[in-house]
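**Student:** Quick one: this structure, given as structure tokens, is what I'll be asking you about.
The values are calculated or read from the model by the stated rules, or taken from the named source; none is laboratory data. Predicted, not measured: the structure shown is a model, and the values here were computed from it. Counting neighbours? That spans all protein chains shown, and the Cβs are built from the backbone with ideal geometry, glycine included.
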Amino acid sequence: MAERPITVIIADGQPVFRSGLRNLLQADDKVKLAGEARDGEQALALARQLKPDALLLDVQMPKLNGMQVLEQLGPLTEATKILLMADAIDRQQLIRALHLGARGLIPKNAEPHVFQKAIRCVHNGELWVERDVLTEWACGSHRASRTKARLTAREREIVEQILAGSSNRDIAAKFAISEHTVKRHLTNIFDKLGCSTRLELSLFAMQHDLLR
Amino acid sequence: MSLSTLVVVMAEWRQRAERFFLPLPLRYRTSGASNWLTGQTHNISGSGILFGADHELPVGTEIEMHLAMEAFGKSYPSQIAAQARIVRIVAPQRVSKIRLAQSSGVALAARFETHQILPRQLGQV
């Protein structure tokens with residue numbers, strides 16, 4: 001029995017680039033072009049409606065950029081494998097994209113066969129990123145997931161209060177505990193997260209969506 | 001990726017100070033100035049910040065900053081209030097070409113001299 005073709009949506013704000021990619025994918029008998037989007041809002045709507053196997057998502061698009069689309073797709077990124085396309089991207093932005101569920105990045109000046117190979121790889125469950133980026137992302141994810149699992153319920157409540165700008169005195173009053181106890185909790189939280197200040201703790205919590 | 005490959009990849013990771021790519025809205029002003037200027041962070045750590053600005057400020061300039069704790073669609077009811085000093089001006093072409101932050105003419109790097117996290121008040125960032 002013939003294998004079902006990989007359904008793909010192209011999302012790119014540049015008509016000429018979209019046209020080239022369309023021609024490339026239509027010539028590939030292992031791929032079926034399910035739709036095209038010219039801006040982020042259209043990309044989001046099409047992805048939610050059609051639930052393709054893969055989404056080629058330009059980082060720079062009108063209305064919603066690629067990162068914003070990625071954020072809003074949320075759990076859909078499990079089934080729809082998202083490949084970002086960009087002329088250039090900051091390393092940390094790419095790592096953030098991986099945290100949000102993207103499966104890799106294709107430079108827009110890549111050879112045509114790279115697009116075809118990347119689609120097949122991510123469809124098979126692999127990632128399409130450079131090794132050193134993968135290393136940094138894997139270790140960050142590892143740290144964040146271990147951290148989430150290791151924080152107690154009270155520690156998570158205290159992190160939430162720190163993110164609200166509460167002082168130790170405020171936190172003590174809110175939970176009817178002593179300030180000494182608050183400081184002890186904070187010390188444990190800092191140790192677990194590898195942070196040394198409230199600022200680092202807050203930034204870490206935001207970056208890794210610790211309170212989700 | 002196989003488990004053995006993942007183990008090799010993780011073993012290659014080396015310890016480094018953590019910078020957070022969080023596009024936080026901010027306002028800042030030089031010491032003694034009454035008008036606030038606005039910008040957005042490119043990245044931020046526990047000791048400093050790189051942010052997009054419309055105008056250069058000389059290295060060594062002391063600034064007061066307020067950063068909103070909101071990014072990627074999530075908002076927290078607090079802000080970072082900081083005193084900082086400009087340590088570097090980064091040429092625009094060296095900052096990411098992908099301008100997820102608002103468009104800016106230049107990027108400024110500043111080291112925090114003091115910082116605290118406070119509840120966000122009305123009228124502030």
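**Student:** Could you please give the count of residues in the range B:31-50 that are within 12 Å of another protein chain (Cβ to nearest Cβ) and part of a loop (DSSP other than H, G, I, E, B)? Give the steps one after another, and end with the answer.
**Tutor:** Here is the first cut: in the range B:31-50, the residues within 12 Å of another protein chain (Cβ to nearest Cβ) are B:41-50.
After this cut, where a residue has to be part of a loop (DSSP other than H, G, I, E, B) as well, the list is B:45-47.
Residues that pass the stated criteria total 3.
**Student:** State the number of residues belonging to the range A:174-195 that are within 14 Å of chain B (Cβ to nearest Cβ) and more than 26 Å from the chain's Cα centre (by Cα).
**Tutor:** So the count comes out to 2.
**Student:** Same structure again: Among B:Ala53, B:Ala71, which is at the interface with chain A (Cβ under 9 Å from one of its Cβ atoms), at pLDDT below 90 and touching a Leu at 6+ places or on another chain (Cβ under 6 Å)? Before you say what the answer is, go through the steps one by one.
**Tutor:** Values: B:Ala53 fails: at the interface with chain A (Cβ under 9 Å from one of its Cβ atoms).
The match here is B:Ala71.
**Student:** Filter the range A:1-30 for residues that are aliphatic (A, V, I, L, M) and either within 18 Å of A:Asn109 (Cβ to Cβ) or modelled with pLDDT of 95 or more (or both) and give the result.
**Tutor:** Step one: of the range A:1-30, the residues aliphatic (A, V, I, L, M) are A:1-2, A:6, A:8-11, A:16, A:21, A:24-25, A:27.
Selection gives A:Ile6, A:Val8, A:Ile9, A:Ile10, A:Ala11, A:Val16, A:Leu21, A:Leu24, A:Leu25.
**Student:** Any residue in the range A:25-41 that's closer than 16 Å to A:Leu73 by Cα and without any contact (Cβ under 8 Å) to a residue 40 or more places away in the chain: show its pairings with residues that are crowded, with 21+ Cβ neighbours inside 10 Å and of a type in the set (A, V, I, L, M) at Cβ separation under 7 Å, as long as the two are six or more apart or on different chains.
**Tutor:** A:Ala37/A:Ile9; A:Ala37/A:Ala11; A:Ala37/A:Ala43; A:Asp39/A:Met61; A:Gly40/A:Met61; A:Gly40/A:Val69
**Student:** Please go through the range B:36-61 and give me each residue that is over 17 Å from A:Leu199 (Cα atoms) and among the β-branched types (Val, Ile, Thr), ordered by number.
**Tutor:** Hits for the range B:36-61 are B:Thr38, B:Val59, B:Thr61.
**Student:** Right, something else. Answer with yes or no whether A:Thr197 is surrounded by 13 or more Cβ atoms within 10 Å (Cβ to Cβ) and modelled with pLDDT of 95 or more. Walk me through it before giving the result.
**Tutor:** Numbers: surrounded by 13 or more Cβ atoms within 10 Å (Cβ to Cβ): yes; modelled with pLDDT of 95 or more: no.
Against the criterion (surrounded by 13 or more Cβ atoms within 10 Å (Cβ to Cβ) and modelled with pLDDT of 95 or more), A:Thr197 does not qualify.
**Student:** Can you confirm whether the range A:144-164 contains a residue that is crowded, with 19+ Cβ neighbours inside 10 Å, in contact with a Phe, Trp or Tyr (Cβ under 6 Å, 6 or more places away or on another chain) and either at pLDDT below 90 or at the interface with chain B (Cβ under 10 Å from one of its Cβ atoms) (or both)?
**Tutor:** Yes: one or more hits.
**Student:** Could I ask something else about it? Out of A:Gln60, A:Gln72, which single residue is within 11 Å of chain B (Cβ to nearest Cβ) and surrounded by fewer than 18 Cβ atoms within 10 Å (Cβ to Cβ)?
**Tutor:** Working: A:Gln60 fails: surrounded by fewer than 18 Cβ atoms within 10 Å (Cβ to Cβ).
Checking each option against the conditions leaves just A:Gln72.
**Student:** Go through the range A:31-50 and count every residue that is in a loop (DSSP other than H, G, I, E, B) and touching a strand residue (DSSP E or B) at 6+ places or on another chain (Cβ under 6 Å).
**Tutor:** Of the residues in that region, 0 qualify.
**Student:** Given the criteria modelled with pLDDT of 90 or more, in a loop (DSSP other than H, G, I, E, B) and β-branched (Val, Ile, Thr), does B:Val87 qualify?
**Tutor:** Working: modelled with pLDDT of 90 or more: yes; in a loop (DSSP other than H, G, I, E, B): no; β-branched (Val, Ile, Thr): yes.
It is false that B:Val87 is modelled with pLDDT of 90 or more, in a loop (DSSP other than H, G, I, E, B) and β-branched (Val, Ile, Thr).
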